[in-house]
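J.: Dropping a structure here in structure tokens format, bear with me for questions.
The values are calculated or read from the model by the stated rules, or taken from the named source; none is laboratory data. These figures come from a predicted structure and were not determined experimentally. A quick note on method: Cβ atoms are made from the backbone with ideal geometry, for glycine too, and the neighbour counts reach across all protein chains shown.
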Amino acid sequence: MKIKWAVLGSAGIARRRTIPEGIVKADNATLTAVYDINTEANAEVAAAQGAQACTSEEELLGSDADVIYIATPAVNHCDQVCRAAKAGKHVFCEKPLSMTIEECDRALDACAAQGVKLGTGFMMRFHAQHQAALALIKEGRLGVPVLGRAQLSCWYPPIPGAWRQDPATGGGGSLMDMGGHCIDLLEMFLGRATSVQCVTGNLVQRYPSEDTAVVLLEFESGAKGMVDCLFNVPDASSLNRLELYGSRGSILAEGAIGQGESGKMSARLEYASGEYEANQLRDADGGLSLNPTPVNMYRAEVEAFSQAITDNTPAPVSGEDGRWSQIVLNACYESAHSGTKISLPR
């Protein structure tokens, strides 16, 4: 059985990644209809994929799709989730789920009232190397988690009409767009955040959203964390590192955080903590390479959500997950504004 997907906002990330790599390639999904206010791009996507090119959101919602995938600017998410739910469709929404906690609650309530599932697009959870690292942590191989760092940066110059460059349409800049993924990953490994301290700035790019953000976090496991995300360094200059440290070693990666399925990850782990070594000798080799079979993250998230519909099980990355992310990010922006540490609700 293939779940029918329709796309609301076909001209952006949906066109570049989610449609060709995710929906079209998924074993249990099929693309039926697309709509975007960019009619030319929408027609091109529809023609390339053999889907119905809808001329309005209403036409899309009236189609026979089982799922509406929302990939529009963040400012539109809440109302579009609510309308899709009212049409009786399951909803898979790109992050951020909405602009505010109140909007997240509206979206969740709308889906609950109609008995439809709501998923949030944190595709980086599905990266094969991230899952391999998570398995090691769950097995206790890292020991007591101590510290995590996640880094994601790119060069994102001013572009007329770019909604991520205006907090009124995107909710924020580098923190909202990329930091949300980084924080979500660290929480997958280390447990939910309990407090945040954040600084942001516009150091290079001249647009309303921040181009620089750094976050310090504390997690329910007791571990500490760091996230740095930048819109102002050349793409090739940032290695997009993931670093996880514990009492029995470390898991270190480069290039796994991002939109691709590749990356380099190694584990330097001991079966038991050793005695104190005054000379602090370090092995010069690169540790144990973690090279699981690559997984396309967009295909994985589409297949997982489709399977949840088929099996009538909870969404693997739920609307509640999207709401929690909004809580954490809001606290980060509050911290950046006030210059204080912000505690998160338990």
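J.: I'm trying to understand the selection: among the residues of the stretch 208-221, which are part of a strand (DSSP E or B) and of a type in the set (G, A, S)?
T.: A213
J.: Tell me, which residue of the stretch 114-147 that is touching a strand residue (DSSP E or B) at 6+ places or on another chain (Cβ under 8 Å) and within 17 Å of Q259 (Cβ to Cβ) is surrounded by the most Cβ atoms within 10 Å (Cβ to Cβ)?
T.: Among those residues, the one meeting the criterion is T120.
J.: Residue check: is A168 of a type outside the set (S, T, N, Q), buried (at least 17 other Cβ atoms within 10 Å of the Cβ) and in the same structural domain as L244 (by TED's automatic domain parsing)?
T.: No: the conditions fail for A168.
J.: Further question: Take the conditions over 27 Å from E218 (Cα atoms), within 14 Å of the chain's Cα centre (by Cα) and crowded, with 23+ Cβ neighbours inside 10 Å and apply them to C182. Does it pass?
T.: So C182 does not fit the description; no.
J.: A further question on this structure: Run down C111, C78, C104, C54 and say which single residue is more than 30 Å from G263 (Cα to Cα) and touching a Pro at 6+ places or on another chain (Cβ under 9 Å).
T.: Only one candidate qualifies: C104.
J.: For the stretch 191-206, which residues satisfy the criterion of being closer than 14 Å to L175 by Cβ and not in a strand (DSSP E or B)?
T.: Correct list: N202, L203, Q205.
J.: If we only count helices (runs of 4 or more DSSP H) wholly inside the stretch 82-179, which ones have 2 or more residues that are touching a residue at least 60 places away in the same chain (Cβ under 8 Å) and among the polar types (S, T, N, Q)?
T.: Helices (runs of 4 or more DSSP H) meeting the threshold: 128-138.
J.: Among the residues that make up the stretch 53-65, is at least one of them farther than 26 Å from S325 by Cβ, assigned to a strand (DSSP E or B) and among the hydroxyl-bearing types (S, T, Y)?
T.: Within the stretch 53-65 (the criterion being farther than 26 Å from S325 by Cβ, assigned to a strand (DSSP E or B) and among the hydroxyl-bearing types (S, T, Y)), the answer is no, since none of the residues qualifies.
J.: Hey, another quick one. Please pick out the residue among S289, S247, S306, S318 that is modelled with pLDDT of 95 or more, loosely packed, with under 14 Cβ neighbours inside 10 Å and touching a strand residue (DSSP E or B) at 6+ places or on another chain (Cβ under 7 Å).
T.: When all the criteria are applied, what remains is S247.
J.: Please go through the stretch 293-344 and give me each residue that is over 20 Å from L108 (Cα atoms), in contact with a Phe, Trp or Tyr (Cβ under 7 Å, 6 or more places away or on another chain) and not in a helix (DSSP H, G or I), ordered by number.
T.: Listed by number, the list holds a single entry, V295.
J.: Hey, another quick one. For the stretch 222-238, enumerate the residues that are modelled with pLDDT of 95 or more and either assigned to a loop (DSSP other than H, G, I, E, B) or among the acidic types (D, E) (or both).
T.: Of everything in the stretch 222-238, those that are modelled with pLDDT of 95 or more and either assigned to a loop (DSSP other than H, G, I, E, B) or among the acidic types (D, E) (or both) turn out to be G222, A223, D228, F231, V233, P234.
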